[in-house]
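The values are calculated or read from the model by the stated rules, or taken from the named source; none is laboratory data. Small disclaimer: the values here were computed from a predicted structure and weren't measured. Note that each Cβ is placed from the backbone with ideal geometry, even for glycine, and that neighbours are counted across all protein chains shown. Heads up: the accessible areas ignore ligands, DNA and RNA and are worked out on the full protein's heavy atoms, side chains in. Shrake-Rupley method; radii C 1.70, N 1.55, O 1.52, S 1.80 Å.
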Amino acid sequence: MRKIQYITLMALTAMSLSACATKGFVRQGLNEQRVALDTERTAREGGDAALRTDVNGLRTDLNALRNDLGTLRNEFGARITAMEDQVKFAMPVHFGFDDAAVRQQDQAALEKFAQVANTHYKGATITVEGFADPAGTQAYNLRLSRERADAVRDFLVTQGLDGAQLRTVGYGKTRLVRPGAQAGAEGAELNRRVTFVVETPAGAGAATVAAMTASKN
């Protein structure tokens, strides 16, 4: 009889210990799950904060680009054409007849362009295109237009642009703004000009398109 009671007591004790062990295991599992959820929540909140910071930074950069492009257009009369991977700036920078020197009255526009390029298109390849009016031979005008592009490149270098990112090309008397206007004729100065073509990474080009689109609204 006592033996049966002893066996029963041992069985009950074992069941009680098993129940306690099961509760402890469940409690440990819940604690581990709670810690994992807290860790995930902290990581998610950190990621959300970083994303908000990135978005705010991009918005700030876009607003700055929009303002700078607006200044080039409104204060200096630049005509800007933006595509996904290229931005073209037709600047109001002109030259005297048979002359390749950068005029003092055009320096402010070039200084602003250099600032915009340094800020928003750092490292991009920039081609300075030079042009001439129809007076003179084709060979002479090709050389003169290249000299104009070279003079503008040299000025931009003094404004902090890296000379390695600047290329020059002369187009002579092709692509005239005022066909036939030459020497002292009305509109001939518009043919003696430079334009800039900025080869941009896709992101910078898309940002320029976005900034210009927004500025028109």
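Values as computed for the structure displayed
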read-out	value
Selection status of Gly123, open to solvent by 50 Å² or more (accessible area, probe 1.4 Å), touching a Pro at 6+ places or on another chain (Cβ under 9 Å) and in a loop (DSSP other than H, G, I, E, B)	yes
Which numbered condition Gln105 misses (of (1) among the polar types (S, T, N, Q); (2) open to solvent by less than 70 Å² (accessible area, probe 1.4 Å); (3) within 15 Å of Met91 (Cβ to Cβ))	(2)
Residue in the range 80-100 that is closer than 28 Å to Ala202 by Cα, of a type in the set (A, V, I, L, M, F, W, C) and open to solvent by 70 Å² or more (accessible area, probe 1.4 Å) present	yes
So Lys112, is it open to solvent by less than 60 Å² (accessible area, probe 1.4 Å), among the basic types (Lys, Arg), under 22 Å from the mean Cα position of the chain (by Cα) and under 30 Å from Ala202 (Cβ atoms)	yes
Count of residues meeting criterion [open to solvent by 30 Å² or more (accessible area, probe 1.4 Å) and either of a type in the set (A, V, I, L, M, F, W, C) or assigned to a loop (DSSP other than H, G, I, E, B) (or both)] in the range 169-206	19
Tally of residues being touching a strand residue (DSSP E or B) at 6+ places or on another chain (Cβ under 7 Å) and either of a type in the set (Asp, Glu) or in a helix (DSSP H, G or I) (or both) across the range 60-82	3
Filter pass, Val209 being open to solvent by less than 20 Å² (accessible area, probe 1.4 Å), closer than 25 Å to Asp68 by Cα and of a type outside the set (Asp, Glu)	no
Test: residue in the range 146-167 that is modelled with pLDDT of 95 or more, part of a loop (DSSP other than H, G, I, E, B), more than 30 Å from Ala64 (Cα to Cα) and open to solvent by less than 60 Å² (accessible area, probe 1.4 Å)	no
Criterion: of a type in the set (A, V, I, L, M) and in contact with a Lys or Arg (Cβ under 9 Å, 6 or more places away or on another chain) - qualifying residue of Ala139, Ala164, Ala117, Ala188	Ala188
